[in-house]
1. If a/c stays under 1.5 just call it rounded; otherwise compare a/b with b/c (prolate if a/b is bigger, oblate if not). Do that for region 131-299, with a ≥ b ≥ c from the square roots of the Cα gyration tensor eigenvalues.
2. From the helices alone, meaning DSSP H stretches of at least four residues, give me the mean residue ellipticity at 222 nm for the chain, per-run term -39500 (n - 2.57), in deg cm²/dmol to the nearest 500.
3. Toward the positive end of the charge dipole of region 131-299, about the Cα centre and with charges on Cβ (Lys, Arg +1; Asp, Glu -1), which of Thr143, Leu252, Leu178 goes farthest?
4. Mind checking the dipole of the chain: about its Cα centre, +1 per Lys or Arg Cβ, -1 per Asp or Glu Cβ, Debye to the nearest 20?
5. Please report the antiparallel percentage of the DSSP beta bridges confined to region 131-299, to the nearest 5.
6. Charges at C-beta only: +1 for Lys and Arg, -1 for Asp and Glu. How large is the resulting dipole of region 131-299 about its Cα centre, in Debye rounded to 20?
7. For Leu129 and Asn329 in the same chain, what is the full-extension length gain: residue separation times 0.36 nm, less their Cα-Cα distance, in nm?
8. Out of every Cα-Cα pair in region 216-324, what percent are more than 22 Å apart?
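FYI, it's all coordinate maths here, none of it is from the lab. Because the structure is a prediction, the values reported are computed rather than measured. Methodologically, a virtual Cβ is constructed for each residue, glycine included, from the backbone with ideal geometry; neighbour enumeration extends over all protein chains shown.
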Amino acid sequence: MKDLIVIGIESSCDETSCAIVKNGREVLSNIISSQIDIHKKFGGVVPEVASRKHVEVISNVVKEAIEKANISFEDIDLIAATYGPGLVGALLVGLSYAKGLALSLNKPFVGVNHIEGHIAANYIAHKELEPPYLCLIVSGGHTHLVLVKDYTEFEVLGRTRDDAAGEAYDKVARALGLGYPGGPLIDALAKEGDEYAVDFPKAYLEDESFDFSFSGLKSAVLNYLNKMQMTGKEIKREDVAASFQRSVVEILTEKAILAAKKYKMNTICLAGGVAANSKLRDTLEKECKKEGINFYYPPISLCTDNAAMIASAGYFNYKAGLVSNLGLNAYPSLKIGQRL
């Protein structure tokens, strides 16, 4: 059976990435041009700035991915690109480039859902992994608990009703004066603190709900900081970071384990930018071991936005007959499992 060489392109937020992946699981190259240093001074991603930077670097990123994979454009069998969710201007850069490539090479094109791409990162990291399983996707813009029934079939069991977990991390980090992006900075600082120093709330919502809510926790942290400042008391930033992180990680872990039991899943996967969080990985791993559940997560290089995961998801979409036409537009609020 002939190998299928997929080129993936990702530009949904502040990373311009291109990857070459063979048969959905073997990465030949994965080039990422990050804009973190550019957006740091703004304390977050500025959409117009992100879009312009994507335009500037995308050709060179694609060229580098082709060279590193030691292939030519003629060797490519399939073009895959993120078309949502994300920042519309940023999405359009990668999507337009990919469609132009598909047209010029006369090759099939597949539009990929960015969240489904995060799930597919685990197929690269763990060659033996196959559906069905439960996946917890945690990133700056998304917090989802998903039943992965097949490579292209998903049932969302729970999602955030307000702030995503990563968004809460960024806002709390800003309040603590740590900078951007908040996730890695809080994770590092929390290692020095007492996670039981402050009793921050955890939102369980209704009985048996697998939805999440982090806005109340974020507000509780801000109120605590304001109160401490107003009363002139010392703020131990490491204790606040550790206590905040404990609340986030415990609620994510508890709901994931409960869902796995309810739906009789013996495997839980972690995905998304916050999947790089050491406390979340360690806690989930420990709880899964306790319950006899297999636990998988990607390496840190595949947790953040990257094109290898997009190429992998594109491969599985193509194998399932989900080919896109070149009129496909960017959909910034695309839902998981939604087909357009």
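1. Numbers: a/c = 2.09, a/b = 1.94, b/c = 1.07.
Prolate is the answer for region 131-299, as a/c is 1.5 or above and a/b outweighs b/c.
2. After summing the helix terms and dividing by residue count, I get -14000 deg cm²/dmol.
3. Leu178
4. Values: 37 positive and 42 negative charges, 37 e Å.
Magnitude of the dipole: close to 180 debye.
5. Numbers: 12 of 20 bridges.
Within region 131-299, antiparallel bridges account for around 60 percent of the total.
6. That gives region 131-299 a dipole magnitude of about 140 debye.
7. Contour length minus the Cα-Cα distance gives 68.8 nm.
8. Result: 53 percent of Cα pairs exceed 22 Å.
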